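Pasting a structure below so you can have a look.
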Amino acid sequence: MNYFSDIKLYKWLVIILIIINVLTLSFLWINDNDDECVHPKARKEYSKKNAQERNERFLKKELNLTDDQLAQFNTLRSKHFNAVHTKKIEAHLIKEVLFEEVFKDSTNILLKDSLINAIAQKEAELELLNFKHFEALSSVCTPDQQDRLKHVILEVFLNIGDKNHRHGYKREKIKDKRKKNDKHD
């Protein structure tokens, strides 16, 4: 090849590369998911809003909730999350004090035991909050919706039947245990 044909080839290669770059950038720009949030904190708020909307659609569809019931669910949910958040912070503060004891030269056994009992108390209070929350949600529902709510609570909120459940339980195992207990009664 001579010098002029090499230049012509390079010009075409540059033109082709520019076209590929423009197409790639336009593809990325067009397919950006309408998420105009750039800052991670803003993105988190955006995804929280989306999660709440998805949860509302899910509950409305699964339980066949009316708009009034959905509003009541949202009010109860908001109060519940605030109460749970407070309890979790309280438990976390106690756990911090407990784990500070780990690195001391001599551990105060009475303090350790009282802190562990305080953490257990906070966990019990969390479970009671959850129980009361689900009880309040159930009171908003019709009898048919209560049956569906029970299913949703077991499947979604308590992760029973999920193969990745942290304790390895599956719904069948729990049902088997219930059947055995029923036979003994």
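The values are calculated or read from the model by the stated rules, or taken from the named source; none is laboratory data. Bear in mind the structure is a predicted one, so any value in this text is a computation, not a measurement. All Cβ positions, even for glycine, are placed from backbone atoms using ideal geometry, and neighbour counts span all protein chains on display. Surface accessibility is based on the protein's heavy atoms, side chains included, excluding ligands, DNA and RNA. Shrake-Rupley method; radii C 1.70, N 1.55, O 1.52, S 1.80 Å.
Could you check how many residues of the stretch 53-62 are within 18 Å of the chain's Cα centre (by Cα) and exposed (fewer than 13 other Cβ atoms within 10 Å of the Cβ)?
So the answer is 4.
Restricting to the stretch 93-110, what's the tally of residues that are open to solvent by less than 70 Å² (accessible area, probe 1.4 Å) and within 21 Å of GLU125 (Cβ to Cβ)?
3
Still on this structure: How many residues does the stretch 15-50 contain that are at positive phi and at pLDDT 60 or above?
Narrowing the stretch 15-50 to residues at positive phi: 34.
From the residues that got through so far, the ones that are at pLDDT 60 or above too are none.
Number of matching residues: 0.
Which members of the stretch 57-110 meet the condition of being out of contact with any helix residue (DSSP H, G or I) (no Cβ under 7 Å at 6 or more places or on another chain) and hydrophobic (A, V, I, L, M, F, W, C)?
If the condition is that a residue be out of contact with any helix residue (DSSP H, G or I) (no Cβ under 7 Å at 6 or more places or on another chain) and hydrophobic (A, V, I, L, M, F, W, C), then PHE58, ALA71, PHE81, ILE89, LEU93, PHE99, VAL102, PHE103, ILE109, LEU110 are the ones that fit.
Tally time: how many residues in the stretch 63-92 are over 20 Å from ASN130 (Cα atoms) and either surrounded by 13 or more Cβ atoms within 10 Å (Cβ to Cβ) or touching a residue at least 40 places away in the same chain (Cβ under 8 Å) (or both)?
Within the stretch 63-92, the first condition is being over 20 Å from ASN130 (Cα atoms), and the residues that meet it are 64-68.
Subset that is either surrounded by 13 or more Cβ atoms within 10 Å (Cβ to Cβ) or touching a residue at least 40 places away in the same chain (Cβ under 8 Å) (or both): 64-66.
Here the count works out to 3.
Taking the residues in the stretch 102-150 that are in a helix (DSSP H, G or I) and touching an Asp or Glu at 6+ places or on another chain (Cβ under 7 Å) as candidates, determine which candidate is farthest from GLU90 (Cα to Cα). It would help to see each step written out before you state the result.
Within the stretch 102-150, the subset in a helix (DSSP H, G or I) is 102, 109-140, 143-150.
From what's left, touching an Asp or Glu at 6+ places or on another chain (Cβ under 7 Å): 111-112, 122, 148.
Details: LEU111: 17, LYS112: 16, LYS122: 8, ARG148: 33 Å.
Step by step, filter the stretch 102-150, then rank; the result is ARG148.
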